[in-house]
Amino acid sequence: MNNLKVILLCSQVNFRKWLVNPRIYTLAVITIAFLSYHSLGLSKFAAEKEIAITPWVFPFLSIPPTMQVFACFIVLLFCDAPFADRHMPFLTIRTSRRNWIIGQLIYIILASFIYTIFVCVMSAIVLIPNLQLSTGWGVLIKTLAVKPDIAPSVLVFFDEEIIKMFSPIKAILISSGLFWLVAVFIGVLIFFFNVVIKKMSGLVASGFFIFMSFFSIIQGILIFGEWIRYLSPISWMNISYLYWNGFGFATASPTFAVLCLLIAILLMGIISTIVFCKKDMNIHGWGD
């Protein structure tokens with residue numbers, strides 16, 4: 001129990017840094033700005049037709065190239081993993097290396113959850129004053145799903161099959177879960193490479209997977225075939241890019257995608273912890 005409290009304390013330290021970290025404020029601002037820009041056409045169309053939009057837009061946001069933009073935002077959130085500063089050596093001495101490094105992994109999980117909720121909530125708020133609370137999909141979303149050509153300025157693509165298959169609440173829960181898992185995967189990926197290899201290597205690794213999420217959509221399939229999509233875990237952020245009972249743009253099933261993400265996160269976390277605990281620590285090198 002004491003170890004759990006210490007681990008949570010190590011994680012909590014990173015959240016306290018948010019208050020004085022300009023990168024967090026920058027991330028919040030550019031996320032809101034991007035969501036506002038991306039939803040502008042939808043808001044204008046709703047105003048012109050005088051039909052309000054229900055708040056269930058989030059499941060349809062993560063399509064290319066929007067997917068890659070969100071992935072870059074997540075990289076910005078975790079680019080300094082493992083979040084070491086000049087105080088880190090003293091914290092590891094007081095709490096132990098293992099507790100400190102696990103605390104950083106817990107921080108990635110919690111920060112990813114907070115960012116997922118933030119994006120989900122803001123995707124609805126930016127639609128004000130054309131927003132209408134409802135438990136259903138609403139006339140506008142259903143219409144645009146069937147006839148997207150009537151609003152060429154709308155950048156949000158509403159998937160008709162997803163609307164038929166899931167209720168709004170279920171679609172939001174599934175999409176939020178997928179977004180969260182991919183965010184954790186990106187964070188732990190950066191963490192893993194920065195700990196095991198060296199600083200900045202995590203950005204290269206995350207950049208590769210972001211590239212694969214774009215490359216595997218068309219060019220990758222034409223060159224290498226459908227199997228290339230299995231090398232694009234960031235694509236699993238989108239509910240439409242999984243294989244749902246005969247429907248979907250990808251060959252990976254939801255179960256396969258979730259298991260692969262969880263196993264990758266767990267393995268990278270374990271290896272990072274082992275490597276960090278065995279590495280020599282240069283006290284004067286941290287926080288520079």
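Of the set (1) more than 28 Å from Pro89 (Cβ to Cβ); (2) assigned to a helix (DSSP H, G or I), all apply to Pro55 but (2). For the residues Phe185, Phe166, the requirement of being in contact with a helix residue (DSSP H, G or I) (Cβ under 6 Å, 6 or more places away or on another chain) and under 26 Å from Leu261 (Cβ atoms) singles out Phe185. Which residue out of Phe214, Phe179 is farther than 17 Å from Ile53 by Cβ, at pLDDT below 95 and hydrophobic (A, V, I, L, M, F, W, C)? The match here is Phe214.
Is there a residue being of a type in the set (A, V, I, L, M, F, W, C) and in contact with a strand residue (DSSP E or B) (Cβ under 6 Å, 6 or more places away or on another chain) anywhere in region 75-91? So far as region 75-91 goes, no, none of its residues is of a type in the set (A, V, I, L, M, F, W, C) and in contact with a strand residue (DSSP E or B) (Cβ under 6 Å, 6 or more places away or on another chain).
Of note, Ser175 does not satisfy the criterion of being farther than 21 Å from Phe118 by Cα, of a type outside the set (A, V, I, L, M) and crowded, with 20+ Cβ neighbours inside 10 Å. Applying a threshold of 9 Å to beta carbon distances and a minimum spacing of six or more residues, or different chains, the list of pairs starting in region 263-278 at a residue that is within 15 Å of Pro82 (Cβ to Cβ) and ending at one that is outside any helix (DSSP H, G or I) reads Ser272/Pro82; Phe276/Pro82; Cys277/Ser96.
Counting only residues that are surrounded by fewer than 23 Cβ atoms within 10 Å (Cβ to Cβ) and in contact with a Leu (Cβ under 7 Å, 6 or more places away or on another chain), which one in region 47-56 is modelled with the highest pLDDT? Checked region 47-56; the qualifying residue modelled with the highest pLDDT is Pro55. Just one of (1) surrounded by fewer than 20 Cβ atoms within 10 Å (Cβ to Cβ); (2) outside any helix (DSSP H, G or I) fails for Lys142. It is (2).
The values are calculated or read from the model by the stated rules, or taken from the named source; none is laboratory data. No experiment lies behind these values; they were computed from the predicted model shown. Note: ideal-geometry Cβ built from the backbone for every residue, glycine included; neighbour counts use all protein chains shown.
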